[in-house]
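Enquirer: Have a look at this one before I ask anything.
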Amino acid sequence: MNFRIALKAYLYLIGLTVISAFLGGMELSVTDNIKNVFLAGILMISTFKGLQIIDVFMELKHAPKFWRNLLLSYVILIPTIIALIYLIF
Amino acid sequence: MLNTNTLPIEEQTKKPYLPGDLAMWFFILAELTVFAIFFIAFAITRQLYPEMFQLGQSYLHPIAGAINTVALITSSFFVALSLNAIKQQKNRPSVMFMIAALIMAMLYIVVKFWEYSQLFELGFGISSNTYFTLYFFITAFHFMHVLLGMVILSFIALKAFKGEYQNKAISGFEAGACYWHMVDLVWVILFPLLYVIH
């Protein structure tokens, strides 16, 4: 990893945080159906942020597949489970 | 046996390489599992008591949550730069980046303390209701991980300052850095769960 890659990931993460906060603010003033779309979007952003942290900051992009997939599955599965709980129950 | 940690980065990237110690990765997995249980418990309980959770969330400060998100991401960024510097045998920049990371972590601590004090002033505590029990339990648990991470980063910075990573294995450095990124990773899910989703 070099400085440019790390900086790119950092700016990406900050950008996604801003978008997430913005969606959270908008979610307050929409109907229930659209609210679910916002909810899914916010949780999806968490997944994208997690992927950056794992691949760039943790440097697992070139790690053994088992470990990388284990961590990646975490940031995909947990937000998905949370989304399902919120949308189904 | 040749220690791959002392090889140039180009050499290391040719074959799969797990940064840090294996024991640290098992520890990270265990920690992530505990947080996953908390997240799921919070989501389920929120569905059981939607009004209580909406009311509880209205007392939180989303700006404070956003500041803490930026603080932790920035701190992680500096830790990644610090590790990058030590791989290039640049001790001084590595220490400076680590100090910058610790300053950002300190910002998180200050904001979190302020947030807790605001809630305490309003009369909320861990036993106020189910929402605040979960809120304080999850955030305090994460807070303790930040404190432990700061101790680890300080120890690494001190070792780097003494030049103890010069031409030596850096798996300890990598393990500490990965622990810190795990703290960041947890917050990335915790932030929308507690502050953003209504």
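Enquirer: Taking the conditions exactly as written (in contact (Cβ under 8 Å) with a residue 40 or more places away in the chain and among the hydroxyl-bearing types (Ser, Thr, Tyr)), does A:Tyr86 satisfy them or not?
Expert: On the way: in contact (Cβ under 8 Å) with a residue 40 or more places away in the chain: yes; among the hydroxyl-bearing types (Ser, Thr, Tyr): yes.
Criteria met by A:Tyr86.
Enquirer: Kindly indicate which of B:Met106, B:Met52 is within 24 Å of A:Gly24 (Cα to Cα) and more than 14 Å from every other protein chain (Cβ to nearest Cβ). Quick ask: steps written out before the conclusion?
Expert: Values: B:Met106 fails: within 24 Å of A:Gly24 (Cα to Cα).
That would be B:Met52, the only listed residue that is within 24 Å of A:Gly24 (Cα to Cα) and more than 14 Å from every other protein chain (Cβ to nearest Cβ).
Enquirer: A further question on this structure: Which of the numbered conditions does A:Asn36 fail, given that it passes all the others? Conditions: (1) open to solvent by 40 Å² or more (accessible area, probe 1.4 Å); (2) at the interface with another protein chain (Cβ under 9 Å from one of its Cβ atoms); (3) touching a residue at least 12 places away in the same chain (Cβ under 8 Å).
Expert: (2)
Enquirer: Among what's in segment B:60-84 and is of a type outside the set (A, V, I, L, M, F, W, C) and either under 11 Å from the mean Cα position of the chain (by Cα) or facing chain A (nearest Cβ under 10 Å) (or both), pick the residue that is surrounded by the fewest Cβ atoms within 10 Å (Cβ to Cβ).
Expert: Step one: filter segment B:60-84 for residues of a type outside the set (A, V, I, L, M, F, W, C), giving B:61-62, B:65, B:68-69, B:74-76, B:82, B:84.
If we keep only those that are either under 11 Å from the mean Cα position of the chain (by Cα) or facing chain A (nearest Cβ under 10 Å) (or both) as well, we get B:62, B:65, B:68-69, B:74-76, B:84.
Working: B:Pro62: 16, B:Gly65: 24, B:Asn68: 26, B:Thr69: 27, B:Thr74: 21, B:Ser75: 28, B:Ser76: 31, B:Asn84: 21.
Only one residue tops the list, namely B:Pro62.
Enquirer: Select from segment B:20-31 the residues that are closer than 12 Å to A:Met58 by Cβ and part of a helix (DSSP H, G or I) and write down the one among them that is nearest to the other protein chains (Cβ to nearest Cβ).
Expert: Here is the first cut: in segment B:20-31, the residues closer than 12 Å to A:Met58 by Cβ are B:20, B:24-25, B:28.
In the following step, the residues that additionally are part of a helix (DSSP H, G or I) were identified as B:24-25, B:28.
Working: B:Met24: 11, B:Trp25: 6, B:Ile28: 8 Å.
Going through the qualifying residues, I end up with B:Trp25.
Enquirer: Here is a further query. Please give the number of the condition B:Gln89 fails out of (1) closer than 30 Å to B:Glu51 by Cα; (2) open to solvent by 70 Å² or more (accessible area, probe 1.4 Å); (3) part of a loop (DSSP other than H, G, I, E, B); (4) touching a residue at least 40 places away in the same chain (Cβ under 8 Å).
Expert: (1)
Enquirer: Limited to segment A:39-83, what total is found for residues that are open to solvent by 30 Å² or more (accessible area, probe 1.4 Å), in contact (Cβ under 8 Å) with a residue 40 or more places away in the chain and of a type in the set (A, V, I, L, M)?
Expert: 1
Enquirer: Filter segment B:130-168 down to residues that are among the aromatic types (Phe, Trp, Tyr) and outside any helix (DSSP H, G or I), then give me how many there are. Let's see the steps before the verdict.
Expert: As a first pass, look at segment B:130-168 and keep what is among the aromatic types (Phe, Trp, Tyr): B:131-132, B:135-137, B:141, B:143, B:155, B:161, B:165.
So of that shortlist, the ones also outside any helix (DSSP H, G or I) come out as B:165.
Selection size over segment B:130-168: 1.
Enquirer: Check A:Met58 against each of (1) in contact with a Leu (Cβ under 6 Å, 6 or more places away or on another chain); (2) at the interface with another protein chain (Cβ under 7 Å from one of its Cβ atoms) and name the one condition it does not meet.
Expert: Only one criterion in (1) in contact with a Leu (Cβ under 6 Å, 6 or more places away or on another chain); (2) at the interface with another protein chain (Cβ under 7 Å from one of its Cβ atoms) is unmet by A:Met58, namely (1).
Enquirer: Give just the number: which of (1) more than 7 Å from every other protein chain (Cβ to nearest Cβ); (2) part of a helix (DSSP H, G or I); (3) open to solvent by less than 60 Å² (accessible area, probe 1.4 Å); (4) under 23 Å from B:Phe35 (Cβ atoms) does A:Gly15 not satisfy?
Expert: Going through (1) more than 7 Å from every other protein chain (Cβ to nearest Cβ); (2) part of a helix (DSSP H, G or I); (3) open to solvent by less than 60 Å² (accessible area, probe 1.4 Å); (4) under 23 Å from B:Phe35 (Cβ atoms) one by one, A:Gly15 breaks only (4).
Enquirer: List every residue pair whose Cβ atoms lie under 6 Å apart, where the two residues are 6 or more positions apart in sequence or sit on different chains, the first residue falls within segment B:53-81 and is under 15 Å from B:Ile109 (Cα atoms), and the second residue, located anywhere, is among the hydrophobic types (A, V, I, L, M, F, W, C) and open to solvent by 60 Å² or more (accessible area, probe 1.4 Å).
Expert: From residues that are under 15 Å from B:Ile109 (Cα atoms), the pairs are B:Ala71/B:Leu107.
Enquirer: Further, regarding this structure: In segment B:156-170, what residues are in contact with a Ser or Thr (Cβ under 9 Å, 6 or more places away or on another chain) and either open to solvent by less than 60 Å² (accessible area, probe 1.4 Å) or within 25 Å of A:Ile53 (Cβ to Cβ) (or both)?
Expert: Scanning segment B:156-170 gives B:Ile156, B:Ala157, B:Ala160, B:Tyr165, B:Ala169, B:Ile170.
Enquirer: In addition: Quickly run through segment B:102-127 and pick out the residues that are surrounded by 15 or more Cβ atoms within 10 Å (Cβ to Cβ) and either without any contact (Cβ under 8 Å) to a residue 24 or more places away in the chain or part of a helix (DSSP H, G or I) (or both).
Expert: Step one: list which residues in segment B:102-127 are surrounded by 15 or more Cβ atoms within 10 Å (Cβ to Cβ), which gives B:102, B:104-105, B:107-109, B:111-112, B:115-116, B:119, B:124.
Matches in segment B:102-127: B:Leu102, B:Met104, B:Ala105, B:Leu107, B:Tyr108, B:Ile109, B:Val111, B:Lys112, B:Glu115, B:Tyr116, B:Leu119.
Enquirer: Shifting gears a bit: Are any residues in segment A:61-87 of a type in the set (Val, Ile, Thr) and either within 9 Å of another protein chain (Cβ to nearest Cβ) or on the phi > 0 side of the Ramachandran plot (or both), and if so, which ones?
Expert: A:Val75, A:Ile78, A:Ile81, A:Ile82, A:Ile85
The values are calculated or read from the model by the stated rules, or taken from the named source; none is laboratory data. This is a predicted model, so every value here is computed, not measured. Cβ sites come from the backbone with ideal geometry, for glycine too, and all protein chains shown count toward neighbours. Keep in mind that these areas ignore ligands, DNA and RNA; they rest on the heavy atoms of the full protein, side chains included. Shrake-Rupley method; radii C 1.70, N 1.55, O 1.52, S 1.80 Å.
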